[in-house]
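A.B. asks: Right, I'll just put the structure down here and ask away after.
The values are calculated or read from the model by the stated rules, or taken from the named source; none is laboratory data. Quick caveat: nothing in here was measured; it's all calculated off a predicted structure. Cβ: placed from backbone, ideal geometry, glycine included. Neighbour counts: every protein chain shown.
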Amino acid sequence: MDQAEKLRAIVKKNNIEMTGEKKRARVITVTSGKGGVGKSSLSINLAVQLKKCGKEVVIFDADFGLANIEVMFGAIPKYNLSDVVYRGKDIKDVIIDGPMDIGFVSGGSGISGLGNMNREQVMYLVEKLRELEEMTDILIIDTGAGISDSVIEFLLSSEEILLVTTPEPTSITDSYALLKTLNARAREGVKDITVKLIANRVSNQEEANHLFHKLNVVVNRFLDLKLEFLGMVPWDQCMQKSVMQQKPVSMAYPEAEGTRAIEKIANKILGNREEEKKEKKGIAAAVMKMFKSRKKTDA
């Protein structure tokens with residue numbers, strides 16, 4: 001069987017209805033309206049806390065072209081998704097073991113050139129990403145900041161969206177811009193979008209509540225989606241130190257205020273069993289939507 005026949009077989013396999021027998025990871029997408037709000041740091045530390053709770057966790061760095069997660073892990077990936085698509089690497093080959101054996105996958109340029117890939121290549125990538133979802137309990141997607149097409153497509157395809165916002169006026173404004181774009185781009189069939197807010201770098205609970213209220217007022221008034229408050233992470237010098245040390249604060253400073261706050265958020269996520277009952281569309285669905293969207297744009 002030549003390469004073309006293999007790819008056609010994969011496409012055929014993807015068109016078959018998935019049975020309920022295969023494992024599907026719980027996919028949590030972490031995003032932000034602007035950069036520099038601590039999104040990637042929160043993704044890593046959330047993964048650590050979920051791992052401490054006995055869950056197998058993999059982080060997918062979807063901030064294409066940048067390398068925040070790998071820098072914070074202090075690791076240099078040998079391969080990324082482009083090696084899977086173009087060089088025949090198995091998805092297992094591109095997973096790096098981070099702290100506490102938390103898996104990490106670098107997007108690299110693997111999806112940034114999606115518009116130039118043919119359908120068979122995309123379906124091949126989708127199959128590999130589905131394999132990734134079957135390897136873990138929780139898959140955390142760390143998106144890029146802002147309202148790029150790839151970010152919005154990941155959000156539209158995610159069953160759980162976490163929005164990281166700080167009290168800075170620009171962060172609040174950009175968070176609303178992201179929510180507004182997400183609301184406008186919601187396609188037919190995408191209903192009941194719920195975004196969970198994490199107030200990061202706040203002074204206290206009161207400031208966190210005020211931040212949520214300020215954003216929620218305009219969301220309720222102008223948008224159709226729902227905003228919920230998931231939790232807060234206080235401004236903590238230990239968080240900044242851990243970034244410089246390229247080590248998660250949850251490991252470097254287990255008793256720090258920031259660590260305890262993220263632990264509460266992780267417990268809250270695991271305590272919400274309703275989320276796990278939702279249809280799990282996952283990262284593969286996001287890639288397919290991105291491909292279809294870009295092909296329509298190019299047409």
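A.B. asks: Just to be sure before I move on: is A25 of a type in the set (A, V, I, L, M, F, W, C), in contact with a strand residue (DSSP E or B) (Cβ under 9 Å, 6 or more places away or on another chain), at pLDDT below 70 and within 28 Å of A252 (Cβ to Cβ) in the structure I sent? It would help to see each step written out before you state the result.
C.D. replies: Details: of a type in the set (A, V, I, L, M, F, W, C): yes; in contact with a strand residue (DSSP E or B) (Cβ under 9 Å, 6 or more places away or on another chain): yes; at pLDDT below 70: no; within 28 Å of A252 (Cβ to Cβ): yes.
Against the criterion (of a type in the set (A, V, I, L, M, F, W, C), in contact with a strand residue (DSSP E or B) (Cβ under 9 Å, 6 or more places away or on another chain), at pLDDT below 70 and within 28 Å of A252 (Cβ to Cβ)), A25 does not qualify.
A.B. asks: Out of the helices (runs of 4 or more DSSP H) lying entirely within the range 195-299, which hold 2 or more residues that are closer than 19 Å to R185 by Cα and modelled with pLDDT of 95 or more? Break it down into steps so the answer makes sense when it comes.
C.D. replies: Numbers: elements: 205-222, 237-244, 249-252, 257-271, 274-277, 282-298.
Filter on the range 195-299 gives 205-222.
A.B. asks: If a residue has to be closer than 21 Å to L230 by Cα and either part of a loop (DSSP other than H, G, I, E, B) or among the hydrophobic types (A, V, I, L, M, F, W, C) (or both) to count, how many in the range 128-187 make the cut?
C.D. replies: 28
A.B. asks: Would you tally the residues in the range 199-250 being on the phi > 0 side of the Ramachandran plot and among the basic types (K, R)?
C.D. replies: 1
A.B. asks: What is the residue count in the range 144-178 for residues that are surrounded by fewer than 21 Cβ atoms within 10 Å (Cβ to Cβ), hydroxyl-bearing (S, T, Y) and modelled with pLDDT under 95?
C.D. replies: Number of matching residues: 1.
A.B. asks: Among what's in the range 196-229 and is farther than 19 Å from E168 by Cβ and under 18 Å from the mean Cα position of the chain (by Cα), pick the residue that is surrounded by the most Cβ atoms within 10 Å (Cβ to Cβ).
C.D. replies: Step one: list which residues in the range 196-229 are farther than 19 Å from E168 by Cβ, which gives 196, 220-226, 228.
Those still in the list that are under 18 Å from the mean Cα position of the chain (by Cα) too: 196, 228.
Details: K196: 20, E228: 11.
Among those that are farther than 19 Å from E168 by Cβ and under 18 Å from the mean Cα position of the chain (by Cα), it is K196.
A.B. asks: Please work out if Q240 is without any contact (Cβ under 8 Å) to a residue 24 or more places away in the chain and either surrounded by 15 or more Cβ atoms within 10 Å (Cβ to Cβ) or out of contact with any Phe, Trp or Tyr (no Cβ under 7 Å at 6 or more places or on another chain) (or both). Talk me through it step by step, then tell me what you get.
C.D. replies: On the way: without any contact (Cβ under 8 Å) to a residue 24 or more places away in the chain: yes; either surrounded by 15 or more Cβ atoms within 10 Å (Cβ to Cβ) or out of contact with any Phe, Trp or Tyr (no Cβ under 7 Å at 6 or more places or on another chain) (or both): yes.
When the stated conditions are applied, Q240 passes them.
A.B. asks: How about the range 175-194: which of its residues are touching a residue at least 40 places away in the same chain (Cβ under 8 Å) and closer than 26 Å to T259 by Cα? Give the derivation first.
C.D. replies: First, pick out the residues of the range 175-194 that are touching a residue at least 40 places away in the same chain (Cβ under 8 Å): 175-180, 182-183.
Once the filter is applied, which keeps residues that are touching a residue at least 40 places away in the same chain (Cβ under 8 Å) and closer than 26 Å to T259 by Cα, the range 175-194 yields only S175.
A.B. asks: A further question on this structure: In the range 215-235, which residue that is without any contact (Cβ under 8 Å) to a residue 24 or more places away in the chain and not aliphatic (A, V, I, L, M) is farthest from I262 (Cα to Cα)? Spell out how you get there, then give the answer.
C.D. replies: Initially, the range 215-235 is screened for residues without any contact (Cβ under 8 Å) to a residue 24 or more places away in the chain, giving 216-217, 220-221.
From what is left, the residues that are not aliphatic (A, V, I, L, M) are 216, 220-221.
Details: N216: 22, N220: 27, R221: 30 Å.
Filtering the range 215-235 for residues that are without any contact (Cβ under 8 Å) to a residue 24 or more places away in the chain and not aliphatic (A, V, I, L, M), the one farthest from I262 (Cα to Cα) comes out as R221.
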